[in-house]
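Here is the structure we will look at, set down as structure tokens.
The values are calculated or read from the model by the stated rules, or taken from the named source; none is laboratory data. Being a predicted model, the structure only gives us computed values, none of them experimental. So basically every Cβ, Gly included, is an ideal-geometry build from the backbone, and we count neighbours across all protein chains shown.
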Amino acid sequence: MQIITMRPHEERRVKEGHLWVNKSDLSHTLEVAPGTLVRVSTSDGASLGTGFYNPLSKIAVRLLACEEEDAGTDFFVKRIRQAQELRERVLPNEEGYRVVYGEADLLSGLIVDRYGSYLVIQMLSAGMDVRKPHIIEALRIVFPSVLGIIEKNTSQTRTREGLELVDGVVWGSVPDRVTFTENGLRLEIDIATGQKTGYFLDQKINRKAVALLAKGRTMLDCFCNVGGFALNAAAQGASLAHGIDSSALAVEAAQRNAEINGLTHCTFEKANVFDLLRDHVSQERTWDIVVLDPPSFAKHRGALRGALAGYAELNRTALKLLQPGGILVTSSCTQPVTEHDLMDIVYRESARVRRRLRLIHRGAQAPDHPVLLAMTETQYLKFLVFEVIA
């Protein structure tokens, strides 16, 4: 196995448990194929473990947090089984959940989601991509009852690894729509054409928490995707739950999920959220609960200024739709935006529109998306619930 050496004074972050070695941290490069297993050493020759090397990527080495000599099927069986055991403990009896969450499960660049009898995989690094056959074989061993596995390798992250964008069934068969349960709801999704892997599993716990506040109240669910918060609220007795999304396919799926669960007071509309919120303000329309769960506004720190401006406008406009006793639910999945950033935005915008707020709940990503303490990159979801008290 070839050895690659880090530059002096660039080793501390990795020694403390971070799994990424940047190209700029290395004293030299290697002439090997992307995804090759290499050993990383300090400038004085001490081993930092083994990992997958990619000379084409800014993240040159993705460490495996061990001295692995071979990353074959047995390796993936062991790691995936450990990940599944955690999910069985923290989310028992769930049909839809994230089985593998990349770095947090010591499998950098690999995502695996489960929806009942079907698995969706994403390989975001060359090291994982070249080992696709081993990963598929390992998943079949760990989940012998699974009927089909589909890859959704369409993230632009792959282009930075020098990988093609591909998707399709890689084993077994996958129907056009798959069903699973969440918080007692029966959900139907299209994992082939839906966003990401078909559903946003990370808000599972937060959807349940907000739904408990919705009985007898009206809710506007912004960026609703296939139903999410609106469906959960309607199931808990909301007088009206109305979801908004810019995707016609998502709105169609949300309406179908409302029908499946017999939720006649749950409606959906295709619209631009920013425009619709402004229209509701001009119409002097009010809601009891407004949920803001937008997609990521910035993939890197260079886009942070624009992201913060977007969150400011969203929260400012939503607050204008709430009267005393109303609830603002605001969320950010933009990794560079911290909880402090989001809190500060809500503080400033509430002052601008003269709404006095109190924080009644804060959440994060569900426990099937665990956080690796040494890697802030694995902690991305911020979730705050405020009550308007004046």
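General remarks:
- Test result for GLY51, within 30 Å of the chain's Cα centre (by Cα) and not in a loop (DSSP other than H, G, I, E, B): yes
- Subset of region 372-388 (residues that are within 23 Å of VAL346 (Cβ to Cβ) and either part of a loop (DSSP other than H, G, I, E, B) or touching an Asp or Glu at 6+ places or on another chain (Cβ under 7 Å) (or both)): GLN379, TYR380, LEU381, LYS382
- Restricting attention to region 216-255, the residues being of a type outside the set (A, V, I, L, M), assigned to a helix (DSSP H, G or I) and touching a Lys or Arg at 6+ places or on another chain (Cβ under 7 Å) number 3.
- For region 214-243, filtered to residues that are hydrophobic (A, V, I, L, M, F, W, C), surrounded by fewer than 24 Cβ atoms within 10 Å (Cβ to Cβ) and free of Cβ contacts under 8 Å to residues at least 60 places away in the same chain, the residue that is nearest to TYR199 (Cα to Cα) is ALA235.
- Taking region 329-342 as the range and being surrounded by fewer than 23 Cβ atoms within 10 Å (Cβ to Cβ) and more than 22 Å from MET375 (Cα to Cα) as the test, no residue passes.
- All conditions but one from (1) modelled with pLDDT of 95 or more; (2) crowded, with 20+ Cβ neighbours inside 10 Å; (3) closer than 25 Å to GLY306 by Cβ apply to VAL385; the one that does not is (3).
- Just one of the listed residues (THR197, THR154, THR159, THR193) is over 18 Å from the mean Cα position of the chain (by Cα), of a type in the set (Val, Ile, Thr) and modelled with pLDDT under 95, and it is THR159.
- Residue among ARG207, ARG256 that alone is over 30 Å from PRO133 (Cβ atoms), surrounded by fewer than 24 Cβ atoms within 10 Å (Cβ to Cβ) and modelled with pLDDT of 95 or more: ARG256
- ILE136 fulfils the conditions (1) in contact (Cβ under 8 Å) with a residue 40 or more places away in the chain; (2) more than 25 Å from CYS333 (Cα to Cα); (3) β-branched (Val, Ile, Thr) except for a single criterion, (1).
- GLY310 vs. criteria assigned by TED's automatic domain parsing to the domain that holds LYS382, closer than 25 Å to ILE360 by Cβ, modelled with pLDDT under 95 and surrounded by 22 or more Cβ atoms within 10 Å (Cβ to Cβ): no
- Residue within region 343-360 that is farther than 21 Å from ALA241 by Cβ, surrounded by 14 or more Cβ atoms within 10 Å (Cβ to Cβ) and under 18 Å from the mean Cα position of the chain (by Cα) present: no
- Among the candidates LEU37, LEU19, the residue that is over 14 Å from ASP368 (Cβ atoms), modelled with pLDDT of 95 or more, more than 27 Å from the chain's Cα centre (by Cα) and not basic (Lys, Arg) is uniquely LEU37.
- Test result for ALA351, over 26 Å from ALA83 (Cβ atoms), without any contact (Cβ under 8 Å) to a residue 12 or more places away in the chain and not in a loop (DSSP other than H, G, I, E, B): yes
- Checked against the criterion of being under 23 Å from the mean Cα position of the chain (by Cα) and under 19 Å from VAL385 (Cβ atoms), the candidates VAL226, VAL210, VAL251 yield just one match: VAL210.
- Candidate set from region 289-319 (those that are over 18 Å from ARG217 (Cβ atoms) and among the charged types (D, E, K, R)); member that is nearest to the chain's Cα centre (by Cα): LYS299
- Answer residue from region 128-164, given it is of a type in the set (Gly, Ala, Ser) and touching a helix residue (DSSP H, G or I) at 6+ places or on another chain (Cβ under 9 Å) and is farthest from THR193 (Cα to Cα) among those: ALA138
- Of all residues making up region 56-95, the number that are under 30 Å from ILE189 (Cα atoms) and small (Gly, Ala, Ser): 1
- Residue among ALA126, ALA104, ALA192, ALA138 that alone is crowded, with 16+ Cβ neighbours inside 10 Å and more than 21 Å from ALA71 (Cα to Cα): ALA192
- Out of ARG12, ARG7, ARG62, sole residue that is out of contact with any strand residue (DSSP E or B) (no Cβ under 6 Å at 6 or more places or on another chain) and surrounded by 13 or more Cβ atoms within 10 Å (Cβ to Cβ): ARG7
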